[in-house]
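Written out below as structure tokens is the structure these notes cover.
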């Protein structure tokens, strides 16, 4: 998932915690309620394609530089051409892969494999797995800071985040977070990560040293 998607999730969680009536959102008018709008309004949101991928797709990430989308499903990552909305190849990865993230600067993809306790490192130029990093039990999600070439992998039951050096593909440290850690997002501008913890309804904020 992208940073924008994850931030949207966090905002939704924050809003849900407010008192009833604290937030009022006006419904967008339908096309039939606006005079002279027989066609969809300019800038409207619409579904343009429905792409068949692997069974039980869970994680998704996009490389905006190459217009390529990566979808994680158990045991594989489907690669989608963003221009044609077609699957161009399927890459075998570890067992029960459910989280995926992309470093657009290095054109490298990282898939968190819950079943095999690993992270598959995929070279985007060749769509091949170039490394497999053992991170420990139950990795469920990943995020990347492209500015520091650092990958953050959430491990759900140990309630930790494994920090991976993208240059060496090694785990450099492990950070404890909240109960049943689920998802992670990285803010490259502040070198800070945010981890949602479903077990205690919290978000762990982890700030790293300035670059």
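The values are calculated or read from the model by the stated rules, or taken from the named source; none is laboratory data. Being a predicted model, the structure only gives us computed values, none of them experimental. All Cβ positions, glycine included, derive from the backbone under ideal geometry; neighbour counts span all protein chains shown.
A few points about this structure:
- Cross-chain or 6+ apart pairs with Cβ under 8 Å, segment 49-65 first and touching a residue at least 60 places away in the same chain (Cβ under 8 Å), then in a loop (DSSP other than H, G, I, E, B): 59/1; 61/1; 61/2; 62/2; 62/82; 63/104; 63/107; 63/124
- Selection count, segment 137-163, where residues are closer than 15 Å to residue 173 by Cβ, in contact (Cβ under 8 Å) with a residue 60 or more places away in the chain and part of a strand (DSSP E or B): 0
- Yes/no for residue 149 being farther than 24 Å from residue 131 by Cα, under 17 Å from the mean Cα position of the chain (by Cα) and modelled with pLDDT of 95 or more: no
- Checked against (1) loosely packed, with under 15 Cβ neighbours inside 10 Å; (2) within 22 Å of residue 164 (Cβ to Cβ); (3) under 17 Å from the mean Cα position of the chain (by Cα), residue 100 passes all but a single condition, namely (1).
- Conditions (1) outside any strand (DSSP E or B); (2) in contact with a strand residue (DSSP E or B) (Cβ under 6 Å, 6 or more places away or on another chain); (3) free of Cβ contacts under 8 Å to residues at least 12 places away in the same chain: number failed by residue 173: (1)
- Residue 88 being more than 17 Å from the chain's Cα centre (by Cα), under 16 Å from residue 123 (Cβ atoms), in a strand (DSSP E or B) and modelled with pLDDT of 95 or more: yes
- Looking only at residues in segment 188-202 that are surrounded by 17 or more Cβ atoms within 10 Å (Cβ to Cβ) and assigned to a strand (DSSP E or B), the one that is farthest from the chain's Cα centre (by Cα) is 197.
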